[in-house]
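Following: one structure in structure tokens, then a few remarks.
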Amino acid sequence: MAVCKANMLFVILTSYTVLLNRCANTNELLMQTFSKVLSLDNEFRKSHASLDERMDKLEIKLENSLSALQTQLAEGLERITETQKNYEPKLGGITNNFQSTISNTVTQMMKSQYTAINTAMKQEKVALMSLKTEMKNHMKKIDDEFQNAQSSLDERLANQTNAMDNKLERHSKIYKSSSDSIMSDLRSLTSRVSSIENMLPVDGQWANWMGWTKCDTRCKTGQWYRLRECNNPAPLYGGASCPGEDLEIRAFADCSEIRQNLGSVPSGVYHITTWKTNQHAKVFCDMDTDQGGWTVFQHRVDGSVDFYRNFSSYENGFGSLQGEFWLGLKLMHEMTSRTAHDLRIDITRANDSTAYIVYADFSVGAGSNYTLHVGDALSERGLAVLPNGLQFNTYANGSAFTTFDHDNDRWGSNNCAVYHHGAWWYRACTYRANLNGLYYTPGTYVSIRNHTAMTFDSNESLKTSRMMFRPSV
């Protein structure tokens, strides 16, 4: 880890050094160019001063020449005037050639002076042209020097830029390699820190469990889950110091477990997972009757479902959980085989009067007989008084389940399911209870010898029936 940090520091310092060198080289090049420009400017200033000085001298020389010429002309005119005054009385004897001679002399003097001045002006003009050419060449030299300095500066800057880009690319690769190494070390260090945190003392506690929720993607269909948070108080290490799991998954085995864990919930269809084979199934739960928790396995209300069915249908179940149905002997066996259960039977007569009875020690044996086990009555209301031998628990206890294609009754060669047109735990064929018989108009009387209707404690057909179980308290 220390080596990685040192490499990282070296890369950063190198990058800063390259940038400083680049700036220093650029500043040096600019100073050199500026020095050249100052030198050329000084030369130009000196040349300009020399030109001004020479022009001043030429102007003074011209003024002096003109002053001298004016002086000579004034002196000549003065001599001519004086000569005329001295010799005027004598002109009478002198020929006209004298006058011509004077005029020629003056003319020659003027020409001589003009020629001298013209020659001097030409010489000065030549000097001025020479000076102008020299200044032009000097300015061209200055411009060429500046262009050369500019080209050299651009070239050096381009070279330094390319060199800097190459160095930055190399350093970038080095930095990436170092960064990858550092990230790897950090991940390793994070893992070690997490391991150390897991060994630290517990300083946080789980809050209470939140309510149960039907499984979606967290678990399997038919299961339930609940969550809790490590915030009581919040731990110092982000929840790592809370012992135990934050997620609890439950597969409720029946309606009673659902009622105990979920509290007050409405009656309806729920998912369960059987306790032994982990079979996922839907059941109808009565959550209202006698504190709820009842798993309904038979329900008839209007005769919309035909209950005269074969053994396979009764073994696996049929109908609609929202209407008339039979849950299935196979599922009933597994659900009632874990512990002791109570059986409750509710009926409604044609006049809408109701009755019920609750029996202890209810269970259904294994297939293919699915023998009924049922104990003494625990509570009852509204039922007719029957002889002991015809009561449901004493008459049917220990009987196997019989259908028209699966004869398990004790009545010789006759099949009680065919005789009573139903399916039941028949012992013999003289029993009034036949809740899976034909659905007649409620209140229809059927004789004991033609006992095919849905009956329980009398010979009159019932309006509704419901059978359900829950674990004994």
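The values are calculated or read from the model by the stated rules, or taken from the named source; none is laboratory data. Because the structure is predicted, anything quoted here is derived from the model rather than measured. Neighbour counts run over all protein chains shown; Cβ positions are idealised from the backbone, glycine included. For the accessible areas, the whole protein counts, side chains as well, though only heavy atoms, and no ligand, DNA or RNA atoms are used. Shrake-Rupley method; radii C 1.70, N 1.55, O 1.52, S 1.80 Å.
Here are the numbers for this structure:
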| item | result |
| --- | --- |
| Solvent exposure ordering (accessible area, 1.4 Å, most first) of LEU435, LEU378 | LEU378, LEU435 |
| Bins of 10 Å from zero: percent of alpha-carbon pairs in region 311-442 | 12, 40, 41, 8 |
| Exposure ranking of SER465, SER130, SER353 by accessible area [1.4 Å probe, largest first] | SER130, SER353, SER465 |
| Chain lengthening between GLU229 and GLN123 when straightened (0.36 nm per residue, less Cα-Cα) | 27.0 nm |
| Amide H contacts under 5 Å for THR464, placed H, 5+ residues apart | THR348 |
| Distant-in-sequence amide H partners of LEU383 (H built 1.01 Å from N, under 5 Å) | TYR356 |
| Charge context of HIS406, other residues only, Cβ under 14 angstrom, K/R +1, D/E -1 | -2 |
| Listed residue pairs exceeding 19 Å between alpha carbons, taken from LYS57/LYS136; LYS282/LYS330; LYS214/LYS276; LYS57/LYS140; LYS57/LYS141 | LYS57/LYS136; LYS214/LYS276; LYS57/LYS140; LYS57/LYS141 |
| Å² of accessible area per residue within region 213-362, as computed with a 1.4 Å probe and no ligands counted | 46 |
| Relative contact order of region 218-335, pairs being alpha-carbon contacts under 8 Å that are 6 or more residues apart, as % | 20 |
| Computed P(r) (all Cα pairs; region 245-340; 10 Å bins; percent) | 15, 45, 31, 8, 1, 0 |
| Distance in nm between pseudo-label sites at ASN137 and ASP216 (7 Å out along the Cβ direction from Cα) | 9.6 |
| Karplus-derived 3J(HN,Hα), 6.51/-1.76/1.60, for each residue of region 430-436, Hz, glycine and proline x | 10, 9, 6, 5, 8, 5, 9 |
| Rounded percent of accessible protein surface that carbon and sulfur make up, region 268-312, 1.4 Å probe | 43 |
| Which of THR213, THR441 is most accessible, then next, and so on - probe 1.4 Å | THR441, THR213 |
| At R0 = 60 Å, FRET efficiency that the Cβ-Cβ distance of VAL473 and ASP180 yields, to 0.05 | 0.35 |
